[in-house]
Amino acid sequence: MRRLGNTRRTTRTTGTKRTSRATAAGAACAAALAVLTAVPAQAQAPDSRTQQSRTPHWDLKDTGSPQVRFRGLAAVGRSTAWVAGTQGTVLRTTDGGASWRNVSPPGAAELQFRDIEAFDARRAVVLAIGEGEASRVYRTEDGGATWTESFRNADAKAFYDCLTFFDRRHGLAMSDPVDGKFRILSTGDGGRTWKVLPSAGMPAAQEGEAGFAASGQCLVSSGPRDVWLATGGAARARVLHSADRGLTWTASDTPIPAGDPARGVFALAFRDRTHGLAVGGDFNADQPSPKAAARTGDGGRAWQPAAEPPPAYRSGVAWLPHSRTAALAVGPTGTDLTTDGGRTWRTFDTGSYDTVDCASDLGCWAAGEKGRVARLEN
């Protein structure tokens, strides 16, 4: 979206079977976070270091890039993560954030990376946003040692915001409306080649409607064919859903505030093809966002507002692995937790983050301004 362009996360298919041990660990993590958010700060242990060691918390990692804002994030696991941001920067860690390797594509310093999708420690696809040729896709198969530019937008009216992958081969990218409809780009070979899908199955966009390139989570997928697209900037904040990998779409209104270029749904997360979360609000720092979250239990056909939403605008959201009810939402003013599937949210951290992502081994990461990257610790 152009307003954020001037200033994702997908559900990954890993092939890893869910085990009772992982499920128990996920439930324990959610329970510990629930206890933390339920206890008033003044009632917590006086030794903050002892308290932090006993409860889940964000552990900041030194990326060595304080000048970069990371809105693109791909959590491969507790040890491996990729981040992408301003100044054409891509970093990768394989040791849990103890060290970071700058694996930025050569000649990309003028680009703004806003989304990155990683399949493992070696293979990743990154999206640069912007009008015309500023929107590009790069792909690596060797951990970022080399990159191939696999797509460069040639249409001055297009502005790409987000990526998502259904599996290691099939993925989509979305652009703000071109000639009155959102544009969808498709790959069937892991991002090596891309083609624009026909627009016949896409509903007409509202006046001023677009996506927010805030966290790489305005286009997300779950399973082999389902994908959702988040919108804002128009009279109604909507979520569009496709059950056939982007060929045909249906649109549903959400209760998240709209009616202004800075308001709408900024991020989506689906733990399966029916249960989803939406977060957003108004990204202007001086504006309130009283209804910043919503949930669905029918694949996005209908959305219900959170009874107790996050206290402010949120730009990223992710389900905790192996949990049916716990999720995290992040934004410039803090991180919130839900343990009841998005009905109520509680803030447990006030640090600034733009995006959040979790891997199946319980590795949850967050990233944002001033080079901030953190991993969730127990």
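Within the stretch 338-373, if we keep just the residues that are crowded, with 23+ Cβ neighbours inside 10 Å and among the aliphatic types (A, V, I, L, M), the residue that is nearest to the chain's Cα centre (by Cα) turns out to be V356.
Having 3 or more residues that are buried (at least 21 other Cβ atoms within 10 Å of the Cβ) is the bar; report the strands (runs of 3 or more DSSP E) wholly within the stretch 168-266 that clear it. I'd like the intermediate steps shown before the answer.
Working: elements: 171-178, 181-187, 219-222, 226-230, 238-242, 250-253.
The strands (runs of 3 or more DSSP E) meeting that bar are 171-178, 181-187, 219-222, 226-230, 238-242.
Just one residue in the set A285, A293 is small (G, A, S) and modelled with pLDDT of 95 or more; that residue is A293.
Going through the stretch 171-182 one residue at a time, which ones are of a type outside the set (D, E) and under 18 Å from the mean Cα position of the chain (by Cα)? Full working, then the answer.
Here is the first cut: in the stretch 171-182, the ones of a type outside the set (D, E) are 171-175, 177-178, 180-182.
Within the stretch 171-182, G171, L172, A173, M174, S175 meet the criteria.
Across the stretch 122-149, the number of residues qualifying as over 19 Å from the mean Cα position of the chain (by Cα) and outside any strand (DSSP E or B) comes to 11. Beta carbons closer than 7 Å, at least 6 apart along the sequence or on distinct chains, pair a first residue in the stretch 232-249 that is within 9 Å of I184 (Cβ to Cβ) with a second that is in a loop (DSSP other than H, G, I, E, B) and small (G, A, S) for L247/G201; W249/G201. Residue check: S79 meets all listed conditions (1) at negative phi; (2) under 20 Å from the mean Cα position of the chain (by Cα); (3) outside any loop (DSSP other than H, G, I, E, B) but one, namely (3).
The values are calculated or read from the model by the stated rules, or taken from the named source; none is laboratory data. All values derive from a computational prediction rather than experimental measurement. Here Cβ is always computed from backbone atoms with ideal geometry, including for glycine, and neighbour counts include all displayed protein chains.
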